[in-house]
Structure formats: structure tokens, C-alpha cells
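Q: Quick one: this structure, given as C-alpha cells, is what I'll be asking you about.
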Amino acid sequence: MQSARGRAWGVFIVLVLLATARLQDWYESRDVFTGAQGPFPAAFATGAPAAPEHVIRRTADEQVLVHGLSLRWTDSGMAAVNLRTGKEYWRYERRDTHNPAVWSFGVSERTVVARFTDGKLVAIDLRTGKLLWHAEIRAGDHPRSVKLVGGRAVTEDPGAVRAFDERDGRTLWTVKTPESCPEVFLRSVHVLPDRLSAVHVLCNAASDDDRDVYGLLLGVDNRTGKILWQQRTVDPELAAWADGHTLAAPDPDRPQAVRLLDMNRRRISARAALSLGKRDVVAAGSGTVVSGTDPKERSKDHDTLLRAYDTRDGQPSWRLRAPSGQEYGFPKVADGRVYVVRQPFLTAADAGRRIHADLLVLDAGTGHLLHTLRLPAMTTHNDVDDSEKLDILDTADGAVSIGWRYGGDLLIATD
């Protein structure tokens with residue numbers, strides 16, 4: 001009798017689980033996937049440096065460029081747009097009653113992964129727009145981030161950082177942060193040789209108590225999740241990756257020094273120091289660290305001098321001063337080149353005005369000017385101040401996106 005009851009309960013539980021799964025599938029089927037609209041757009045210049053010759057269009061959306069597409073978030077999902085035509089390539093929208101929004105998304109050459117405010121993580125195939133997988137993570141009350149690098153989607157959990165396989169969603173590892181870092185915000189993930197991932201987080205920035213706010217750099221075995229080493233840093237937002245194993249980061253103990261940190265599986269160590277302030281480093285890459293601050297510019301409001309340093313020894317390599325009355329926005333370093341916008345000084349009197357600026361392409365190693373593009377007129381914000389600049393937002397496959405530092409219209413230029 002008891003065994004019969006046990007079997008009956010077992011069958012009942014199985015039926016309940018099946019019904020729950022079907023209900024979940026029905027619920028999630030309400031999400032809208034349009035799928036790819038037309039052929040996958042060919043990248044403009046895959047693997048080649050960008051030398052933009054004209055602006056193909058304006059847009060007002062957040063942009064990440066990859067393989068001839070621009071990716072952006074919508075009110076409740078993600079969309080991919082063909083860069084050449086401006087037409088939507090695919091779209092994903094959630095239809096949940098709570099209307100969760102996208103907090104962050106990561107993009108690789110194959111996949112888009114979005115992190116929603118309710119904790120849901122959704123992966124979409126870049127070429128087809130189809131759902132690959134999804135996962136549920138504790139949402140929490142504070143913003144979350146997701147990074148897509150080295151075939152892994154990395155995101156936060158309270159008191160931890162988790163990595164999922166980019167294509168099938170398997171949990172690969174979970175790294176617990178120290179007790180002093182129960183609230184963690186993921187700033188960056190960098191894949192180094194020898195199965196090493198450098199995970200850079202900000203601890204306790206959103207905590208409601210008086211916990212210490214600090215940056216933390218973790219060396220993680222990217223197969224097992226084992227922490228190989230860790231080091232406190234300042235806010236990771238002030239740091240920049242210079243090449244495959246070098247990070248340019250302000251020295252927590254010396255306000256006017258930036259260290260070049262070399263890392264491998266065994267340790268992290270300082271290779272050289274630059275005589276720069278903690279906010280002077282504006283870009284890095286291709287063996288170069290770039291500062292935009294002129295030590296002689298007393299107001300500190302205008303970036304009038306680009307200074308470059310070699311990451312091997314920290315020695316100055318070149319400098320470029322803007323003409324009188326002009327300054328630089330934040331540059332990007334990619335493909336052995338520095339991309340930067342040069343624009344007029346802006347003051348409150350320029351609110352709502354249309355200004356012209358230039359896109360410059362420099363050799364990262366020598367600073368030689370390789371290319372110049374005169375940009376169409378851009379309208380300044382109505383509340384413009386001295387910090388309003390036109391920055392390089394992204395570069396990929398022969399395309400460059402350019403936009404205001406604090407939001408607004410964007411330009412997309414191609415070669």
C-alpha cells in the first residue's frame with residue numbers, strides 16, 4: 001500500500017513539474033523575437049583599421065558596433081540595426097507584466113547577452129536574432145552589468161561574480177568576493193594568456209551602510225573560477241587596459257601617479273609609473289596609454305594636449321596639441337590607431353548652437369596624423385557646460401560612432 005502511494009506521489013510530482021515547465025514555456029513564448037530580416041550584413045572592413053570618409057547617418061540611440069550592425073536596447077529588449085541602411089535587422093522584446101528594462105548588455109562576434117532589471121539574463125544569436133538561452137539571477141536593488149569576453153558572459157550576483165558559456169548558458173564558474181565586498185558591481189573583464197581572466201569590480205558603491213568603497217582586481221582561472229591573486233585598486237572606471245597583460249591604473253597611495261600593472265597567473269606587479277593624475281588617463285591600447293590633460297591648462301576644463309606613453313617602460317612617446325580655442329574629446333585606441341574628435345571650446349553661451357568638429361585618426365605608436373574627417377554640424381545641449389565634449393563611443397569593422405559625452409545625437413562614420 002505504501003509503495004503504491006509512493007508511486008502515485010512520484011507520478012503527481014512529475015506531472016506538476018511538466019505542467020510548470022509548459023506554463024513557463026508558454027509564458028516565455030509571449031516574448032517577441034522577430035528573427036533576422038534579410039541577409040546578414042557584410043562588415044565594412046572586417047579586421048582592418050577604420051579610415052572614415054563620410055558619415056552615413058545620425059541616430060539618437062545607444063550604440064555598440066559589430067559586423068555591420070549597431071546594437072541598442074529598447075524599452076523592454078534589444079534591437080540590431082543594419083549600419084548601411086539604418087533598417088532594423090532583428091528585435092527582441094519582453095512581454096512580462098512587470099515590464100523589466102535592460103540594465104546592461106554585452107556583444108561578441110557571435111552573441112548578444114542582455115541583463116534585465118528583474119535578474120533575467122537573455123542570450124541572442126547575433127546573426128539570426130534567435131534566443132540561445134536564458135538564466136535567472138537574483139535581481140537586487142542596484143544596477144548590474146554583463147560583459148561578454150573570451151566565450152563567456154560574466155555578470156554579478158550579490159557577493160559574487162558568475163560566468164556562463166556564451167553559446168549554451170552553462171554555468172562555468174562562480175567567484176565569491178571577500179566579506180568586505182558583499183555588494184559588487186562588475187566594471188570589466190579582460191582575458192589574458194594561460195587561461196587567466198582579470199576581473200575588475202567596484203565594491204560597495206551602492207551599499208546603504210558606511211562600508212568602504214574600493215576597486216578590486218581579481219586574477220581568476222577562467223576554467224575553474226579559482227582566484228589566483230587579488231589586489232585593491234581605486235575605482236576601476238579610472239583604469240584602462242593597455243594591451244594583453246597591462247593595466248594602467250591610478251596608484252591608491254599616490255594621487256599623482258598612474259601605475260602600469262603587469263599580470264600573469266602567478267602575480268600582479270607594477271612595471272612602471274607615469275606622472276599623471278588619477279583622472280588623466282583617457283584611453284589605452286596597442287601598447288600605448290593616452291592622457292588628454294595639459295599640465296599648463298589651469299582651468300582643467302579643457303583637454304588640449306594628447307600625451308602618449310609606451311606601456312613597455314612608461315616613457316613618453318609623442319604629444320599633440322590642439323589649435324588655440326579647440327580641445328579633444330575622449331579618444332579610443334584600436335587597430336594600432338588613436339581615434340579622437342577635435343572641437344571648439346564650449347561654454348554656457350553655446351547652448352543650442354550647431355558646431356563643427358573634426359575626427360582625427362592618428363598612428364598609436366608615433367602620433368602621426370593618418371586621416372581627418374570634417375564632421376557635419378552637431379547641436380549642443382541646452383544645458384551645455386565646460387565638460388560637454390564629443391567623444392569616440394565605439395570603433396569596429398571600418399565604422400566609428402561619435403556622440404556627446406552625456407547623451408544626445410550620435411554620428412556613425414564609415415570608410
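The values are calculated or read from the model by the stated rules, or taken from the named source; none is laboratory data. Given the structure is predicted, the values throughout are model-derived calculations rather than measurements. Here Cβ is always computed from backbone atoms with ideal geometry, including for glycine, and neighbour counts include all displayed protein chains. Ligands, DNA and RNA are stripped out before the accessible areas are found, and what is left, the full protein with its side chains, is counted by its heavy atoms. Shrake-Rupley method; radii C 1.70, N 1.55, O 1.52, S 1.80 Å.
Q: Seen from all sides and averaged, what is the projected area of the convex hull of the Cα atoms in the stretch 181-335, in nm²? Could you put the intermediate results ahead of the total?
A: Details: hull surface 42.1 nm².
Mean projected area for the stretch 181-335: 10.5 nm², to one decimal.
Q: Taking Lys296 as the anchor, which lysines have their alpha carbon closer than 25 Å to its alpha carbon, excluding any fewer than eight residues away along the same chain?
A: Leaving aside lysines fewer than 8 places away in the same chain, those within reach of Lys296 are Lys278, Lys332, Lys389.
Q: Mind ranking 393-404, 80-91 by how tightly packed they are, going by the mean number of other C-beta atoms within 10 angstrom, highest first?
A: Values: 393-404: 23.0, 80-91: 19.2.
For the peptides 393-404, 80-91, the packing ranking is 393-404, 80-91.
Q: Turning to a different aspect of this structure: Enter the mean projected area of the convex hull around the alpha-carbon atoms of the stretch 144-253, in nm², rounded to one decimal. Let's see the in-between values first.
A: Values: hull surface 27.2 nm².
The directionally averaged projection comes out at 6.8 nm².
Q: Send over the Kirkwood Rh of the stretch 302-360, from the inverse of the averaged 1/r over different Cα pairs, rounded to one decimal Å. Provide the component values of the computation, followed by the final result.
A: Details: mean 1/r = 0.0767 Å⁻¹.
The answer is 13.0 Å.
Q: Binning every alpha carbon pair distance of the stretch 115-182 at 10 Å from zero, what are the percents per bin?
A: So the P(r) values, bin by bin, are 20, 53, 23, 4, 0.
Q: Let me know the Kirkwood hydrodynamic radius for the stretch 89-224, please, with Cα pairs as the basis and the value in Å to one decimal.
A: Details: mean 1/r = 0.0651 Å⁻¹.
For the stretch 89-224, inverting the mean 1/r across all distinct Cα pairs yields 15.4 Å.
Q: Would you mind getting the accessible area per residue of the chain, heavy atoms of the protein chains only, 1.4 Å probe, in Å²?
A: Values: 19510 Å² over 415 residues.
Heavy-atom SASA per residue in the chain reads 47 Å².
Q: To the nearest Å, what is the center-to-center distance of the stretch 177-238 and the stretch 372-415, using C-alpha atoms only?
A: The stretch 177-238 and the stretch 372-415 have Cα centres spaced 31 Å from each other.
Q: Output the Cα-based Rg and Dmax of the stretch 259-415 in Å, rounding Rg to one decimal and Dmax to a whole number.
A: 16.2, 55
Q: Enumerate the whole-percent occupancy of each 20 Å bin, from 0 to the last occupied one, for all C-alpha pair distances of the chain.
A: Per 20 Å bin, starting at 0, the Cα pair percentages come out as 24, 55, 17, 3, 0.
Q: What are the principal axis extents of the Cα atoms in the stretch 338-407, in Å, biggest first?
A: Projected onto its principal axes, the Cα set of the stretch 338-407 covers 37, 22, 19 Å.
Q: Moving to a separate point now. At 7 Å along the Cα-to-beta-carbon direction for both Gln256 and Gln37, put a label point, then send me their distance in nm to one decimal.
A: Modelled inter-label distance: 5.6 nm.
Q: So, one more: Let me know the whole percent of all Cα-Cα pairs from the stretch 44-167 that are separated by more than 23 Å. Please report the intermediate quantities before stating the final value.
A: Numbers: 2490 of 7626 pairs.
Everything past 23 Å amounts to 33 percent.
Q: What ranking, highest mean first, results for peptides 283-291, 193-201 when packing means the other Cβ atoms within 10 Å averaged over each residue?
A: On the way: 283-291: 24.1, 193-201: 18.7.
Listed from highest to lowest mean packing, they are 283-291, 193-201.
Q: Counting only protein chains, not ligands or nucleic acids, how are Lys147, Lys176 ordered by accessible area (probe 1.4 Å), most first?
A: On the way: Lys147 60, Lys176 140 Å².
The ordering from most to least exposed comes out as Lys176, Lys147.
Q: Please give the helix 2-28 orientation as an angle from the longest Cα principal axis of the chain, in degrees from 0 to 90, rounded to the nearest 10.
A: Here the helix axis deviates by roughly 30 degrees.
Q: Continuing with this model, one more query. Any chance you could list the semi-axes, whole Å, largest first, of the equivalent ellipsoid that the Cα gyration tensor gives for the stretch 90-133, using √(5λ)?
A: Details: eigenvalues 70, 26, 11 Å².
Semi-axes (√(5λ), whole Å): 19, 11, 8.
Q: Here is a follow-up. Out of the total accessible area of the chain (probe 1.4 Å, heavy atoms of protein only), what percent is carbon and sulfur?
A: Taking all protein chains in place, the chain shows 49 percent carbon and sulfur surface.
Q: If you don't mind, another one. What length, rounded to one decimal in nm, is gained on full extension from Asp118 through to Asp75, with 0.36 nm per residue of separation minus their alpha-carbon distance?
A: Details: separation 43, 0.36 × 43 = 15.48 nm, distance 1.40 nm.
Result for the pair: 14.1 nm of gain on full extension.
Q: Gain in length, Arg223 to Ser275, computed as 0.36 nm per residue apart minus the alpha-carbon separation, to one decimal in nm?
A: Values: separation 52, 0.36 × 52 = 18.72 nm, distance 3.72 nm.
Net length gain for the segment: 15.0 nm.
Q: Continuing with this model, one more query. Among 243-254, 315-326, how do they line up by average Cβ neighbours within 10 Å per residue, starting with the highest? Please report the intermediate quantities before stating the final value.
A: On the way: 243-254: 18.7, 315-326: 13.7.
Averaged packing, sorted descending, gives the order 243-254, 315-326.
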